[in-house]
Amino acid sequence: MSKNKFGFGPLEEPPAPKPRRREVGPMGAAVRDAASSLSESTESLVEQRRQNAADAKAWREAQGEGRVLVEIPIDAIRTDALPRDRLDLDTVASSDEMEELKTSIRERGQKEPIEVFSVDGTYQLKKGWRRLTALRQLHTETADERFAHAVARVAEGQSSRIDLYIDMVEENVIREDLSFAEMAQVAITAAQEEGQAAGELVSRIYASLHKMKRSYIRSFVFLIEELGEALVFPKMVSRNLGVDVARRLQASPELGQGLRADLSGVSTPEEQAQVLRRFLEAPAKQPAERPAREKSEKYEFHVGRSKVTARKGECRILSETDFSAVDRKRLQRAIEAFEAALAEG
C-alpha cells in the first residue's frame with residue numbers, strides 16, 4: 001500500500017474501474033464490412049490484372065511464333081510471292097486427290113490450317129496450296145459462306161527467301177509427296193532469285209533429307225537445266241532413269257544436243273521414257289586415239305560411279321561422295337595408300 005506525504009495511506013482501496021463494453025454500432029459495422037470488402041476486391045483486382053498481363057504476354061509470344069490461328073477471307077490470300085513446289089498445278093487442282101480433300105472439308109470443315117506471311121500489308125501463302133484451292137473451289141461451286149474463309153497461321157517477322165522456300169516444301173517432303181523433278185525445280189527457282197548455283201542450294205533447302213536423296217535431287221537439277229524445255233514431262237521421270245541420264249550427260253556433255261533433238265518429238269510420258277532409255281542403251285563412242293605426246297596432257301576414265309581426270313600436277317575425282325563428311329584421318333590414310341600405289345609403279 002502506498003503512503004502519502006503525511007505517512008498514512010487511504011483507509012480503503014478505491015474500487016477498480018469497470019471496463020467499458022463497446023458495442024459496434026450499425027454505422028461502424030457498415031464501415032468495417034465495407035473496408036473488408038474493399039480489401040478483398042483490391043486483392044482480387046490486383047490478381048486479375050496480374051493474370052491479364054501474363055495472358056497478354058503469352059498471347060504476344062504465341063502470335064510472334066505463329067501459333068495463333070485466325071480466319072482470313074480466301075480472296076485476301078495471294079499465291080504469287082513464291083512459285084509453288086508443283087510443276088503441274090492444274091493437274092493437281094483437278095485430280096481425284098483434290099476431290100477427296102474437298103469432300104473432307106465439306107463434311108468436317110478445314111481441320112489443318114494453312115500458313116501465310118505478310119508482305120506489304122497483304123497475305124501471301126506459304127503452306128497449304130491444296131487446302132486453299134479446295135476452299136476456293138468449294139466456295140465457287142456452293143457459294144456457301146463456310147468456305148469463304150480459311151483458317152490460317154500467320155508467320156510474323158522477316159524471313160529470308162530461302163527460309164520461305166524451306167517452309168513451303170517441308171510438309172510435302174516429310175510426306176514424301178514431291179517428285180525429285182519437283183524438288184529440283186524448287187532449287188532451280190530459288191537459285192535464280194538468289195544468284196547462286198542450284199546444286200549448292202539443295203543442301204540448304206533439303207537439309208533434313210538423307211545425303212543420298214540430296215544427291216538424286218542434284219542429278220535432277222542438272223538434268224532439267226541441261227535439257228530445258230525439251231524435257232516435257234520432268235515429273236514423270238523415275239528416279240533411277242533420271243539419275244542415270246544425268247550421269248551420262250555429265251560424263252559426255254556433247255551428247256546433250258542429240259538427246260534434246262530426240263525429245264522434241266515426244267507427246268506422252270511413255271514416249272519420253274523410251275527416248276531416255278534408248279539414250280542410255282546407245283553404245284558410247286570411243287574417243288579417237290590421241291598421239292602419244294597428247295596422252296600425257298590430260299585423260300579421263302571412270303571407276304565405278306566416280307569420274308577421274310588426270311593431268312600434269314592434278315588428279316581430280318568427281319564423285320557423289322561427300323568427302324567433307326569423311327573422317328580426316330581416314331581420308332589421309334586413303335591418300336597415303338594412293339601415293340604408295342603410284343610409287344610402286
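The values are calculated or read from the model by the stated rules, or taken from the named source; none is laboratory data. All values reported here derive from a predicted model rather than from experimental measurement. Positions of Cβ are backbone-derived with ideal geometry, glycine not excepted, and every protein chain shown enters the neighbour counts. Just the protein is used for accessible areas: all its heavy atoms, side chains included, with ligands, DNA and RNA removed. Shrake-Rupley method; radii C 1.70, N 1.55, O 1.52, S 1.80 Å.
Applying the selection to the range 120-150, what residues are of a type in the set (D, E, K, R), over 13 Å from residue 73 (Cα atoms) and under 26 Å from the mean Cα position of the chain (by Cα)?
Correct list: 120, 126, 127, 130, 131.
Quick one: in the range 213-236, of everything that is open to solvent by 50 Å² or more (accessible area, probe 1.4 Å) and within 19 Å of the chain's Cα centre (by Cα), which residue is modelled with the highest pLDDT?
218
Looking only at the range 213-222, which residues are without any contact (Cβ under 8 Å) to a residue 40 or more places away in the chain and not basic (Lys, Arg)?
Answer for the range 213-222, where residues must be without any contact (Cβ under 8 Å) to a residue 40 or more places away in the chain and not basic (Lys, Arg): 216, 217, 219, 221, 222.
Residue by residue through the range 193-212, note down the ones that are open to solvent by less than 50 Å² (accessible area, probe 1.4 Å) and in contact (Cβ under 8 Å) with a residue 40 or more places away in the chain.
Residue satisfying the conditions is 205 alone.
Considering only the range 249-257, I want to know if a residue exists there that is within 28 Å of the chain's Cα centre (by Cα) and either surrounded by 17 or more Cβ atoms within 10 Å (Cβ to Cβ) or under 23 Å from residue 318 (Cα atoms) (or both).
No, the range 249-257 has no match at all.
Find the residue count for the range 237-248, including only residues that are open to solvent by 40 Å² or more (accessible area, probe 1.4 Å) and hydrophobic (A, V, I, L, M, F, W, C).
Residues flagged as open to solvent by 40 Å² or more (accessible area, probe 1.4 Å) and hydrophobic (A, V, I, L, M, F, W, C) within the range 237-248 amount to 0.
Filter the range 132-148 for residues that are in a helix (DSSP H, G or I) and open to solvent by less than 40 Å² (accessible area, probe 1.4 Å) and give the result.
Selection gives 132, 133, 134, 135, 138, 147.
Give the range 89-119 a look and list any residue that's farther than 30 Å from residue 233 by Cβ, surrounded by 11 or more Cβ atoms within 10 Å (Cβ to Cβ) and over 25 Å from the mean Cα position of the chain (by Cα), or say none.
Answer for the range 89-119, where residues must be farther than 30 Å from residue 233 by Cβ, surrounded by 11 or more Cβ atoms within 10 Å (Cβ to Cβ) and over 25 Å from the mean Cα position of the chain (by Cα): just 106.
Just one of 151, 70, 116 is of a type in the set (A, V, I, L, M), within 22 Å of residue 189 (Cα to Cα) and modelled with pLDDT of 85 or more; which is it?
After applying the criteria, what remains is 116.
Are any residues in the range 154-192 among the polar types (S, T, N, Q), at pLDDT below 70 and either open to solvent by less than 70 Å² (accessible area, probe 1.4 Å) or within 24 Å of residue 226 (Cα to Cα) (or both), and if so, which ones?
159, 160, 172
Taking the options 325, 334, 310, name whichever one is under 35 Å from the mean Cα position of the chain (by Cα), at pLDDT 80 or above and among the small types (Gly, Ala, Ser).
Of the residues listed, the single one that is under 35 Å from the mean Cα position of the chain (by Cα), at pLDDT 80 or above and among the small types (Gly, Ala, Ser) is 325.
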